[in-house]
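Visitor: Okay, handing you the structure first.
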Amino acid sequence: MIKFVVLIKRKEGMDRAEFADYWVNVHGPIASRIPGLKGYRISIAHEVPFPEDAIPWDGLVEIFFEDGDAFEAGISSREGVLAIADVDNFAERKGFLLTEETVIVPLDEDPLCAPPRTH
């Protein structure tokens, strides 16, 4: 399983509530149509008692695909291109990681968190 992790900073002038609403209710349905998607999770950061400029990210998304080929096909599809373009409507900065996850403690009853594979 391949996981694409994107760290996101909201657009300047967009408050947290507007950012969260757009990401979950507008962008989420767009991105959920990407072919080959096995899982899609949005995590929005809580407010913390630090200066606004001290927090580099406002949230992250985890997007799961069966393998690298499925990832490449998904993000290069029409739906993937539309989802990537839409990110600019609510985010000004992004950081990316393409990972293969190793689960140490799985979440209860989560089909995306199967026990680690042994070789």
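Visitor: If each residue's Cβ is checked for other Cβ atoms within 10 Å, how do L37, L82 rank with the fewest at the top?
Guide: L82, L37
Visitor: Please give the net charge around P29, taking every other residue with its beta carbon less than 13 angstrom from that of P29, where Lys and Arg add +1 and Asp and Glu add -1.
Guide: Counting the neighbours of P29, the net charge comes to -2.
Visitor: Once you have a ≥ b ≥ c as the square roots of the Cα gyration tensor eigenvalues for the chain, tell me rounded if a/c is under 1.5, and otherwise prolate or oblate according to whether a/b is larger than b/c.
Guide: Since a/c reaches 1.5 but b/c is at least a/b, the shape of the chain is classed as oblate.
Visitor: Cα gyration tensor of the range 1-46, axes a ≥ b ≥ c as square roots of the eigenvalues: rounded (a/c below 1.5), prolate (a/b > b/c) or oblate?
Guide: Since a/c reaches 1.5 and a/b is larger than b/c, the shape of the range 1-46 is classed as prolate.
Visitor: Return the long-range amide H neighbours of R93 (sequence gap of 5 or more, or a different chain), with a cut-off of under 5 Å between placed amide H atoms.
Guide: K9
Visitor: Still on this model: Assuming R0 = 25 Å, can you tell me the calculated FRET efficiency for the pair D86 and H46, based on Cβ-Cβ distance, to the nearest 0.05?
Guide: 0.55
Throughout, read-outs are computed from the coordinates displayed, never taken from laboratory work. What you are looking at is a predicted structure, and each value in this text was computed from that prediction instead of being measured. In this analysis, Cβ positions are derived from the backbone assuming ideal geometry, glycine residues included, and neighbour counts consider all displayed protein chains.
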